[in-house]
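Notes for the one structure printed next.
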Amino acid sequence: SAVISQKPSRDICQRGTSLTIQCQVDSQVTMMFWYRQQPGQSLTLIATANQGSEATYESGFVIDKFPISRPNLTFSTLTVSNMSPEDSSIYLCSADAGLMNTEAFFGQGTRLTVV
Amino acid sequence: QKEVEQNSGPLSVPEGAIASLNCTYSDRVSQSFFWYRQYSGKSPELIMSIYSNGDKEDGRFTAQLNKASQYVSLLIRDSQPSDSATYLCAVAGSGYALNFGKGTSLLVTP
């Protein structure tokens with residue numbers, strides 16, 4: 001299975017600022033995904049990031065708020081922009097090879113608190 | 001809207017018993033099904049995947065899939081206190097992103 005490194009592991013940020021979360025995979029993967037997990041809740045997909053194309057956002061998530069970069073097949077970033085306390089959550093990076101029946105693995109997550 | 005439903009629990013079983021976790025999904029074109037285990041404060045860890053109808057066994061874990069009933073389950077035999085966690089059912093359709101259920105909290109009591 002792929003090893004996914006995510007950083008920072010946690011941060012406390014002031015409202016109105018932005019935070020960029022980095023996700024590094026130890027092998028080339030076709031697709032990377034960004035999820036949000038709010039306290040006591042399950043995972044909600046924010047967007048799918050393919051290398052060389054714009055990220056595909058799920059309903060309720062927009063590029064201006066959550067810009068994503070995918071410069072190569074092993075790396076992606078998610079920025080949480082103009083943060084408010086409602087953005088306090090765990091953000092998780094996931095990756096798979098994009099082939100049929102391929103399993104998805106997760107980074108260790110970023111616990112974000114906005115004050 | 002694609003739904004993945006799980007009982008939130010908590011499901012409490014004694015040590016050594018079989019824990020049975022259930023999941024239903026609404027999207028009939030779903031192709032891949034996964035069970036993740038998530039300890040408090042940790043990220044999800046993949047424990048089982050299943051793609052075709054029937055049973056799939058891996059150690060103490062058995063995943064069962066019934067596409068006609070849109071139902072997937074996870075059995076944990078000889079449950080241990082270390083199995084206490086939240087178990088997330090995840091479903092992938094024609095794309096590769098996963099749709100997660102809310103999770104079932106399992107408590108294995110010594």
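Quick notes
- Estimated D of chain A in µm² per second, where Rh is the Kirkwood radius over Cα pairs and Stokes-Einstein applies at 10 °C, 1.306 mPa s: 113 µm²/s
- At 0.890 mPa s and 25 °C, Stokes diffusion of the stretch B:12-110 via Kirkwood alpha-carbon radius, µm² per second: 180 µm²/s
- Residue-averaged beta-carbon neighbours from other chains (10 angstrom radius) around B:37-43: 4
- Modelled label reach - B:Arg60, point 7 Å along Cα→Cβ, the stretch B:4-18 residues with backbone N closer than 17 Å: B:11-18
- Distance violations [Cα-Cα > 20 Å] among A:Lys65/B:Lys102; B:Lys2/B:Lys102; A:Lys65/B:Lys2: A:Lys65/B:Lys102; A:Lys65/B:Lys2
- Shielding by partners, peptide A:61-69 (average Cβ within 10 angstrom, other chains): 0
- Distribution of pairwise C-alpha distances over the protein assembly as shown, 10 Å bins, in %: 8, 33, 35, 19, 5, 0
- Kirkwood-based shape ratio for the stretch A:43-93, expressed as Rg/Rh from alpha carbons: 0.95
- When chain A is treated as a Gaussian network with alpha carbon springs shorter than 10 Å, the biggest mean-square fluctuation among A:Thr17, A:Thr56, A:Thr30 belongs to A:Thr17.
- For chain B, modelled as a GNM whose springs connect Cα atoms under 10 angstrom apart, the maximal fluctuation among B:Leu74, B:Leu98, B:Leu88 occurs at B:Leu98.
- Note on A:104-111: average number of Cβ atoms from other chains within 10 Å of each residue's Cβ is 4.
- FRET efficiency for A:Ser5 and B:Ala68, using Cβ-Cβ distance with R0 set to 41 Å, rounded to 0.05: 0.50
- Highest-MSF residue in chain A out of A:Val62, A:Val29, A:Val80 [GNM, Cα springs under 10 Å]: A:Val62
- Estimated FRET transfer efficiency when R0 is 41 angstrom, pair B:Ala17-A:Thr44 (beta carbons, to 0.05): 0.80
Throughout, read-outs are computed from the coordinates displayed, never taken from laboratory work. All values derive from a computational prediction rather than experimental measurement. In this analysis, Cβ positions are derived from the backbone assuming ideal geometry, glycine residues included, and neighbour counts consider all displayed protein chains.
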